[in-house]
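Quick notes on the structure that follows.
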Amino acid sequence: MKITKLAAVVPGPVRLVGYERDEVNSLCTDSRKVQPGALFFCIPGLRRDAHEFAPQAVEAGAAALVVDHELPVKCPQIIVPDVRSALARMAAAFYGNPARNLRLVGITGTKGKTTTSFLVKAILEKAGHKTGLIGTVCSMIGDEKIPSNLTTPDPVDFQRLLRQMADAGMEYVVMEVSAHAMALRKLEGMCFEVCSFTNLSQDHFDFFGNMENYLAAKMKLFEPDRCKIAVYNADDERVSQAMSRVQIPRVDYGIRVSSDIYAKNIEVGERGCSFQIVFNKRFKLQIDLKLSGIFNVYNAMTAAVMCDALGVPSEAIKAGLESVKGVPGRIELLETETPYRVILDYAHSPDSLENILNTIRGTARARVIAVFGCGGDRDHEKRPIMGEIAGRLADFAVLTSDNPRSEDPYAILAEIEAGIKNTGCPYTVIENRREAIKYAMTHANPSDVVVLAGKGHETYQEIKGVKHPFDEKVVVKELLEEIMAE
């Protein structure tokens, strides 16, 4: 594609320096992966500035560089005000602006993004629309699953995926939108038909520093040039206050406070929920959801209100919600054929851990055993908070490693332990996660519930920069065989 055509899509002052060649054949953000003819983006990173690696990119055959200041290298350079923003817009142009042929639906919030996205996809498909999905667990083109590395892919991967979806005839794309994606300007130039804000609680403070910055990043999604209709949870006070200031049409929903659309007659059971959604004075829907927990009532309401805003018929909303039997790694009951239950959940923040333990406690016939840890190189403040929550809501806790990354796993465990010590809850510390799960399973009594929190759909454990295979579904199956053989 012509360099001049790509440069033309970047707003603000743009200069071309050393301009000779006018064609690039690929886009690249990693100097180690540059191929001859590539356009290399010198992104100022969180740890290193990619402008430092421009010489390596040139040596590898880069046709041109995108930079925020001129570099002393012999290579054509496109000088832009913001390299990240330019990357998002140029990636869209490179892949032929696929979003123009798709209707984008976005979901943000601390919790519930993944489940809500699966529910929205199911509703749209019941309404007869071909629908793609982009999210934490996986991306999907119809029924075809594509592995995901990030909640919101980087712009080149994102636009390539949208191109595949458009070429496959998708009409809608439902996607999780992380606060990181907005802060790192991954979605510049994209406009969503409808976006929702599910809830807000402490998470990712290692990146954002505080709640104000975290919220501000999410609110960028609801600016007039990015979103046409806003849907939000009125029961979340911080979300409600923030959304009252947006300048686009908005619809709220809730259970506790007065709202446009609300749920009533809620019954939460061990394997699902039943409730009625009242859509103003227009119509009511009786929903028999196969997902348990009050938080899944909220997720279902988010999906229902978003699809209603898109003009989806009520019968498709009901059919879609009731068709979803489960979401990978979200309050997922494993088939163990044991007298105790084993439930897998991605809960890795204070609120999500509290939600899952409250839900299980509400239906458990015996003890709740929580097996959990906290990720390394992430928010330290939440570690003792999660320890206190587990101590308050579980009958027994096994503190173990999650993804320690570059940190000392025992230092992480000590911070969690500081929160659980004064709760009176009996607990043990077993750093090796496999051994921790085995301990919980061998000490579980009939009717107990073992909750494996934190990993969910993940199939690895990251230790000292290396991702080791660790799929808890596989691990539990292997441990059952070991226990039976002993």
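The values are calculated or read from the model by the stated rules, or taken from the named source; none is laboratory data. The structure presented is a predicted model; accordingly, all values stated were derived computationally and were not measured. Cβ: placed from backbone, ideal geometry, glycine included. Neighbour counts: every protein chain shown. The accessibility values were calculated without ligands, DNA or RNA, using every heavy atom of the protein model including side chains. Shrake-Rupley method; radii C 1.70, N 1.55, O 1.52, S 1.80 Å.
Residue-wise test of (1) modelled with pLDDT of 95 or more; (2) more than 30 Å from Asp351 (Cβ to Cβ); (3) among the charged types (D, E, K, R).
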| position | (1), (2), (3) |
| --- | --- |
| Thr4 | no, yes, no |
| Val17 | no, yes, no |
| Asp49 | no, yes, yes |
| Gln56 | yes, yes, no |
| His69 | yes, yes, no |
| Tyr95 | yes, yes, no |
| Ala99 | yes, yes, no |
| Arg103 | yes, yes, yes |
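Taken over segment 156-181, the criterion of being out of contact with any strand residue (DSSP E or B) (no Cβ under 8 Å at 6 or more places or on another chain), open to solvent by 10 Å² or more (accessible area, probe 1.4 Å) and in a helix (DSSP H, G or I) is satisfied by Asp157, Arg160, Arg163, Ala166, Asp167, His180.
The condition (being open to solvent by less than 60 Å² (accessible area, probe 1.4 Å), in contact (Cβ under 8 Å) with a residue 60 or more places away in the chain, under 23 Å from Asn296 (Cα atoms) and touching an Asp or Glu at 6+ places or on another chain (Cβ under 6 Å)) is satisfied by just one residue among Asn233, Asn199: Asn199. Across segment 239-253, what is the number of residues that are closer than 17 Å to Thr110 by Cα and either β-branched (Val, Ile, Thr) or part of a loop (DSSP other than H, G, I, E, B) (or both)? Residues flagged as closer than 17 Å to Thr110 by Cα and either β-branched (Val, Ile, Thr) or part of a loop (DSSP other than H, G, I, E, B) (or both) within segment 239-253 amount to 1. Residues being farther than 25 Å from Glu125 by Cα, acidic (Asp, Glu), in contact (Cβ under 8 Å) with a residue 60 or more places away in the chain and not in a helix (DSSP H, G or I) are entirely absent from segment 189-196.
Only helices (runs of 4 or more DSSP H) whose full extent lies in segment 377-486 are considered here, and the ones with at least 3 residues that are closer than 26 Å to Gly209 by Cβ and either open to solvent by 10 Å² or more (accessible area, probe 1.4 Å) or among the basic types (Lys, Arg) (or both) are 382-393, 409-420.
The residues of segment 20-59 that are part of a strand (DSSP E or B), open to solvent by less than 60 Å² (accessible area, probe 1.4 Å) and not aromatic (Phe, Trp, Tyr), listed by number, are Ser26, Leu27, Cys28, Ala38, Leu39, Pro44, Asp49. Close Cβ contacts (under 9 Å, 6 or more residues apart or on different chains) running from residues in segment 430-450 that are more than 12 Å from Ala370 (Cα to Cα) to residues that are surrounded by fewer than 17 Cβ atoms within 10 Å (Cβ to Cβ) and among the acidic types (Asp, Glu) comprise Arg434/Glu478; Lys438/Glu482; Thr442/Glu486.
Only one of the numbered conditions (1) surrounded by 13 or more Cβ atoms within 10 Å (Cβ to Cβ); (2) assigned to a helix (DSSP H, G or I); (3) at pLDDT 95 or above is not met by Glu315, and that is (1).
Within segment 128-142, restricting attention to residues that are in a loop (DSSP other than H, G, I, E, B) and within 21 Å of Leu291 (Cα to Cα), which residue is least open to solvent (accessible area, probe 1.4 Å)? It comes out as Gly135.
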